[in-house]
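The values are calculated or read from the model by the stated rules, or taken from the named source; none is laboratory data. The structure displayed is predicted, hence computed values, not measured ones. We place every Cβ from the backbone using ideal geometry, glycine too, and count neighbours over all the protein chains shown. Each accessible area value is taken on the protein alone, full model and side chains, heavy atoms only, with ligands, DNA and RNA left out. Shrake-Rupley method; radii C 1.70, N 1.55, O 1.52, S 1.80 Å.
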Amino acid sequence: MIGSEDPTDSRSVRAAAAPTPPAPPNVGTRAPYRFRHGPHEVTIFSDGQLMLPTTLLAPQAPAADRRAALEIAGLVSENYEPAANIPLIRSGEDLILFDTGGVDFQPGLGWLSRHLTTSGIDAASITKVVLTHGHPDHIWGTVLADGALRFPNATYYAGAAEWDFWNHDDVWTKLPDAQRPFAIGARRQYAAVRDRVIMMRSGDEVISGIRAIATPGHTPGHLSFEVSGGDGLIIVGDVVTTPSVYFPNPKWTFGFDADDGQAIDSRVRLLDRAARERTILLGYHWPYPGVGYAERDGAGYHYLQGHDRPDTVE
Ligand SMILES: [Zn+2]
């Protein structure tokens, strides 16, 4: 919950915000991953990877169930290293980037710009930047060190509720102390785009066929995006962070979610729809490139990595 005094939570968050181990050497080597989706060309760029304490995963699940699930998922070390996958959609004249990555947040992040450059994509050619939410690994790549915008010609799209949350004076009382730097950072990044930001609410379109879906809980104004064409595509953001844990157990909590109940509702709703409609999903923190499907599996879901659309519906 926002403003939680739970000491376990703030300990985890502090550990997450100040990791000491160096970034593994391979984080910048993931080549961009490209595929066509209806009228759009989708490319996933790696911003690198985070290092987080495994204690963030399902902290409230029954201990034996949690241990078994993490073992199956291979998450048995003190830390785990979720990817950071940033979609870029080329659609007509538009180049639309979803999140800007985590420059100066953790040493394993901040690779987006390098990957854009090596792909021949000039930052000045990005026409639209869509921000799913205000966390550092998603928006700290918006502003350069000198205060200029990394994507100087883009129009920006931010969730109205998310913008209000981070910019309201209440934010200081709603966040655990360890997350205060998140608010300082979010305000800096948001302030830099304030003259060119469009506020988004659920159902609003970025361009025709790319529409916001309100998925609150991870943060108060978190947005996912549905992209028309083909069999449908959803840019999930952080509604489902670690697929090996939360697909089979969508009602387990995640230590970085602001409101557990709301986060679970959003997660179940999104996975249920994705399984029913057999919609391709893009997960920001899923194993690179984070492309896959949800299949119903008992009380939860199975994560089917890759482009093979499941051919049966429950
Ligand atoms: Zn994230």
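Of the conditions (1) more than 16 Å from the ligand (Cβ to nearest atom); (2) open to solvent by less than 10 Å² (accessible area, probe 1.4 Å), residue 169 satisfies every one except a single condition; which number is it?
(2)
Look through 125, 77 and report the one residue that is under 30 Å from residue 261 (Cβ atoms), more than 16 Å from the ligand (Cβ to nearest atom) and polar (S, T, N, Q).
77
Determine which single condition residue 132 fails, assuming it passes every other condition in (1) open to solvent by less than 30 Å² (accessible area, probe 1.4 Å); (2) without any contact (Cβ under 8 Å) to a residue 40 or more places away in the chain.
The single condition residue 132 does not satisfy is (2).
Test residue 198 against the stated conditions and say whether it is at pLDDT 95 or above, away from the ligand (no atom under 16 Å from the Cβ) and surrounded by fewer than 17 Cβ atoms within 10 Å (Cβ to Cβ).
Considered against the rule, which asks whether it is at pLDDT 95 or above, away from the ligand (no atom under 16 Å from the Cβ) and surrounded by fewer than 17 Cβ atoms within 10 Å (Cβ to Cβ), residue 198 comes out as yes.
Checking the condition within 16 Å of the ligand (Cβ to nearest atom), touching a Pro at 6+ places or on another chain (Cβ under 9 Å) and either farther than 30 Å from residue 67 by Cα or outside any loop (DSSP other than H, G, I, E, B) (or both), which residue from 104, 164 passes?
104
I'd like to verify a number: residues in the range 213-232 that are assigned to a loop (DSSP other than H, G, I, E, B) and either within 16 Å of residue 56 (Cα to Cα) or among the β-branched types (Val, Ile, Thr) (or both), how many?
The total comes to 4.
Can you pull out every residue in the range 135-161 that is within 16 Å of the ligand (Cβ to nearest atom), open to solvent by less than 10 Å² (accessible area, probe 1.4 Å) and more than 17 Å from residue 217 (Cβ to Cβ)?
Across the range 135-161, the qualifying residues are 136, 139, 141, 142, 158.
Identify the single condition in (1) under 30 Å from residue 229 (Cα atoms); (2) in contact with a Ser or Thr (Cβ under 9 Å, 6 or more places away or on another chain); (3) open to solvent by less than 40 Å² (accessible area, probe 1.4 Å) that residue 208 does not satisfy, given that it satisfies every other one.
Only one criterion is unmet by residue 208, namely (3).
Just give me the residues in the range 43-81 being open to solvent by 30 Å² or more (accessible area, probe 1.4 Å), more than 19 Å from residue 302 (Cα to Cα) and of a type in the set (Val, Ile, Thr), in sequence order.
Passing the criteria: 55, 76.
Please give the number of the condition residue 232 fails out of (1) away from the ligand (no atom under 16 Å from the Cβ); (2) buried (at least 24 other Cβ atoms within 10 Å of the Cβ).
Going through the list (1) away from the ligand (no atom under 16 Å from the Cβ); (2) buried (at least 24 other Cβ atoms within 10 Å of the Cβ), residue 232 breaks only (2).
Find the residue count for the range 108-145, including only residues that are part of a loop (DSSP other than H, G, I, E, B), over 17 Å from residue 285 (Cβ atoms) and under 18 Å from the mean Cα position of the chain (by Cα).
So the answer is 1.
Assess whether residue 221 counts as being small (Gly, Ala, Ser) and surrounded by 18 or more Cβ atoms within 10 Å (Cβ to Cβ).
It is true that residue 221 is small (Gly, Ala, Ser) and surrounded by 18 or more Cβ atoms within 10 Å (Cβ to Cβ).
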